[in-house]
Amino acid sequence: MTDRAAEAPPSRRPGWLPILTALVIIAVIVSLFGGGVNRPSSSLHLTQAAFWASDSAQWTPPDTLAASDDAVLNGAQTWSDVALPHARSREVVADAAHSPGQPQVAWYRMPVPAEALTDAGQGTRLYIPRWQTVGTVAVYLDGGLLWQTRGSRVWNSFNRPVWLDLSSRRASALAGRDATLHVRMASEPGVGGALSTVWVGPADELRPDWRIRSALQTELIAVSQGSYLVLGVFALVLWLLRPGRGEQVYALFFLMAISHVLAALQFLVDDEGISVSDDWFSWLTQLGLMGTSVCSFFFLCLVQRQRRQWLASVLLAYTGAIVVLALPLWGVGHEGMLPLLRLALLPPEILVLVVAVRGAWRQRTLGDVLLAAWVALSFPVGIHDLALQSYRVSIEGIYLTPYVYVGMFTLFLVIAFTRYNGALDSAGNANAHLAERLLAQERELAQTHERLLVAEREQTLLQERQRLMREMHDGVGSSLMTALRLVEHGDASTLNMTQVLKECIDDLKISIDSLEPLDHDLLALLASLRYRLAPRLEGAGLQLEWRVRDLPELSWLDAQSALHVLRILQEVFTNIIKHSGAQRISLETRELARDGVSGVQVEVQDDGRRFIPSNDPIPGRKGLHNVRVRAKVLHAQVFWQGLTERSECGNRFTLWLPISRED
């Protein structure tokens, strides 16, 4: 399996993507052939007109034909018959007879029978699907001005159908006379102009065709661009609210929406004109067209997961240079540079096409193939629109470039949505796989934990067994060996044997007491020691004074530590019984800190002969040495002190234990 196949998310392929593409293509094909519905025969379709090229020097159309400076109503003019749609081709070199700033005026004259103006319920309408020129256009009926263009002569409402109410002209029909329709087109020298066929008839019959053409030429473009602009603003807000997360696609989506809106502005100018100068409006459309190519390139890079830094740098430098050089601030008129500026769009568009086709060849996915096909479609569409603008095809066609923008933007949106769904599916599958792995690891961890518990129990039992064996060897075993030697050497008097056997029993009992649960309570441990030693002390004629008080718990006091404490105190009591000749023993406890460390203290005091222990070990006697070793294991401190108060004899043994410790 290749890496690409491994990266492909197991998402559901959107079955509606080909359907959406097919619907857009069908809409464009229908628009190519005029769309609409079949017009009833009662509507007048004017396909012939009389044409006259006037020498008028006025841009502004007159209010009436009688006021025209070229005497259009004078019968002396030579009119020629032309078929509609009619186009006056562009001139490579402008006619020298026209000085700069003077228009080339063309007149179209068409007769309108009286029956075509008959009132039909909702009135009579004049419908002109399309006209186009750089200049002004005016429509006259029976010599009176019906409609004229307003605003800029360059960026006018050429893409909007003319829809005029002729109900006010019913007087001509009532008089039984035919009416005459004139169309005046004043154009910039050399740019030419074109006029489509003309329809006159009842409003309810012509309205469907007018609505369809209006929708195809302007309204669908405006609605789609407005919708994408709203989505772009929403994407910008998301990008601003999620900074630093590497989600540049939101910002790119916003820039693409803005670029498409600016590029489509030239097709959306209405009868009221524009609010900016012609040069700035031209620059904005150029900016939108260049921005569309740049955004398409970067979106393709995101979709194909290719950075292409060198190409991106070249594209940005080229686009930035064109946009800066085209600024109206430099005083260069866009009217003469417009063809050159449009030609500057070709290199970025070729680059986008190459990137799209290469990505489709490498990715081999439906979305990438459709995207490459759509980008490739933009070139024949651009040629068609250039031919339409140059009047080389029927003027009644539809400009398709805005639909290429809409389709491309839609494809980008669909691909991004598909990738997003794929990412969600991959995340869901990854979560499910992770949950399965986590469950398996939990089971394995539980089994491991169970094995560790068993091993820990076995280790604890082994340590306890070894401890007991060691203590029995050192305690009971040592006492039994002493008794054995006494018997073997014939020194086994009754008193000696009794003493040795008692010590054996005490050692065994203390080892057993250390195994009792104490809950870290030192007083409970001392109480068990008292219980075990009391009979022996009484037998030796010693009086025991027990002065204990509540003590805090010792968190470290386990069975091993308890046995160390018991052995220390046992050794102290044994020494007092054997060597001190004391008659009274007291045990006292208190809470006491030493060197800033909290602890508890156990004091054992007797009234026997004074005892000063040696710091050096005595051969054959390990009792005191064992006390010090056990205290070191407990992190405890031990002290022996001879009593001198009031000339009394006696000794005081102190065992200090920390409340908590770090092992």
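The values are calculated or read from the model by the stated rules, or taken from the named source; none is laboratory data. Only a predicted model underlies this, so the values are computations on that prediction, with no experimental measurement involved. Please note: Cβ atoms are built from the backbone with ideal geometry, for glycine as well, and neighbour counts cover all protein chains shown. The accessibility values were calculated without ligands, DNA or RNA, using every heavy atom of the protein model including side chains. Shrake-Rupley method; radii C 1.70, N 1.55, O 1.52, S 1.80 Å.
Over all distinct Cα-Cα pairs of region 217-428, the Kirkwood formula returns a hydrodynamic radius of 18.3 Å.
Solvent-accessible area assigned to carbon and sulfur over region 217-428 amounts to 70 percent, based on a 1.4 Å probe. In this structure, residue 430 and residue 223 have a Cβ-Cβ separation that, at R0 = 30 Å, corresponds to a calculated FRET efficiency of about 0.15.
Farthest towards the positive end of the charge dipole of region 272-356, among the residues 315, 355, 332, is the Cα of 355, using unit charges on the Cβ of Lys, Arg, Asp and Glu. Projected label points at residue 47 and residue 150, each 7 Å from Cα along the beta carbon direction, are separated by 3.6 nanometres.
Summing Cβ point charges (Lys, Arg +1; Asp, Glu -1) relative to the Cα centre of region 520-658 gives a dipole of roughly 500 debye. With K and R counted +1 and D and E -1, the other residues having a Cβ less than 13 Å from that of residue 108 yield a net charge of +2.
Report the FRET efficiency, 1/(1 + (r/R0)^6), for residue 460 and residue 521, where r is their Cβ-Cβ distance and R0 is 22 Å, rounded to 0.05.
Rounded to the nearest 0.05, the efficiency is 0.55.
Rolling a 1.4 angstrom probe over the protein heavy atoms with all chains in place gives region 217-428 an accessible area of 48 Å² per residue.
Phi angles across region 145-158 convert, under the Karplus curve 6.51 cos²θ - 1.76 cosθ + 1.60 with θ = phi - 60°, into 3J(HN,Hα) values of 6, 8, 7, 8, 6, 10, x, 5, 7, 7, 9, 10, 8, 4 Hz, Gly and Pro given as x. Around the amide H of residue 44, modelled in the peptide plane, lie the amide H atoms of 200, 201, all under 5 Å away and 5 or more residues distant in sequence or on another chain.
Averaged over its residues, region 520-658 has an accessible area of 53 Å² per residue, based on protein heavy atoms and a 1.4 Å probe. Take the Cβ atoms of residue 115 and residue 390, set R0 to 30 Å, and the FRET efficiency comes out at 0.20. Solvent-accessible area of region 520-658 (1.4 angstrom probe, protein heavy atoms only): carbon and sulfur portion equals 47 percent.
Ordering 632, 578 by how much accessible area each has at a 1.4 Å probe, largest first, what is the list?
Numbers: 632 165, 578 105 Å².
From most exposed to least exposed: 632, 578.
Modelled label positions at residue 579 and residue 540, each set 7 Å beyond Cα in the direction of Cβ, lie 1.2 nm from each other. Projected label points at residue 591 and residue 305, each 7 Å from Cα along the beta carbon direction, are separated by 6.6 nanometres.
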